[in-house]
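Derivation of every value follows stated rules applied to the coordinates shown; laboratory data play no part. Note that this is a predicted model, so its numbers are computed, not measured. Every residue, glycine among them, receives a Cβ derived from its backbone with ideal geometry; neighbour counts consider all protein chains shown.
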Amino acid sequence: DPAQAILGPTARPSDVDALRESMGLNGPLWEQYLSWAGNVLHGDFGTSITYHAPVLGVVADHILPTLTLAVLSTVISFFLSVTITSWQAVSPRNPVARALDRLSALGMAMPDFWISLMLVLVFSVTLRWFPSSGYENLFTDPATAVPALVLPLTVLVIGQTALFVLTL
């Protein structure tokens with residue numbers, strides 16, 4: 001129940017009911033959905049429960065980090081996978097080419113969340129080489145942004161490169 005989640009477990013039932021009414025959560029689910037869809041058609045995506053701000057604003061605030069990671073990881077993965085698959089095509093019996101093929105299968109098999117946790121544990125918590133979270137704009141402060149991008153880019157590049165190598 002979103003109203004209960006917003007007010008917490010110690011909220012009075014009357015307060016929860018009032019908030020539920022103000023949020024339009026008392027009607028049937030189909031009615032709530034139609035109301036939401038009508039608002040979306042008018043450009044109102046609602047208010048984020050977590051950020052207490054309009055959803056469209058929250059998405060707009062997070063689009064630059066998302067696009068930065070998506071574009072950089074795709075470009076890096078593309079060049080790595082073309083290099084690896086070209087090498088495998090030229091010398092398929094080379095032990096290194098075979099090892100890269102097996103590593104690609106391993107990269108596909110490991111879940112991204114597990115790789116992320118292991119990288120944060122080793123490189124952020126234990127070695128303290130990279131920050132475990134946060135984002136700085138790459139175009140305004142590259143010196144701070146690059147270390148913050150290393151771990152997320154590594155996770156994305158591992159999965160994408162493995163996928164590209166196995167499908168090319």
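Remarks
- Taking the chain as a Gaussian network of alpha-carbon nodes connected by springs under 10 Å, the highest mean-square fluctuation of the residues Leu121, Leu72, Leu34 belongs to Leu34.
- Amide H to amide H distances under 5 Å link Thr47 with Val55, where only residues 5 or more positions off or on other chains count and H is placed in the peptide plane.
- Dipole axis of the chain (+1 Lys, Arg; -1 Asp, Glu on Cβ), positive-most option in Gln32, Pro92, Val82: Pro92
- Integer Hz, Karplus 6.51/-1.76/1.60 couplings in order for the stretch 56-66, x for Gly and Pro: 4, x, 5, 5, 4, 5, 9, 6, 5, x, 5
- Estimated distance in nm for a label pair at His42 and Thr140, the labels positioned 7 Å out from Cα along Cα-to-Cβ: 3.4
- GNM remark for the chain: springs join alpha carbons under 10 Å apart, and the peak mean-square fluctuation among Ala105, Ala145, Ala89 falls on Ala89.
- Highest-MSF residue in the chain out of Asp61, Asp17, Asp141 [GNM, Cα springs under 10 Å]: Asp17
- Among (1) 28, 22, 13; (2) 44, 20, 17; (3) 47, 17, 13, the entry derived from the coordinates for semi-axes √(5λ) of the Cα gyration tensor in Å: (2)
- Low-density loop cleavage sites - trypsin sites (Lys or Arg not before Pro) in the stretch 65-168, where at most 14 other Cβ are within 10 Å (DSSP): Arg93, Arg128
- CD proxy at 222 nm, helix term only [per DSSP H run n ≥ 4: -39500 (n - 2.57); per residue of the chain; nearest 500]: -22500 deg cm²/dmol
- Label-reachable residues, the stretch 1-33, where backbone N falls under 20 Å from a point 7 Å from Ser133's Cα toward its Cβ: 6
- Dipole-positive endmost among Leu138, Met108, Gln160 within the stretch 57-167 (Cβ charges, Cα centre): Met108
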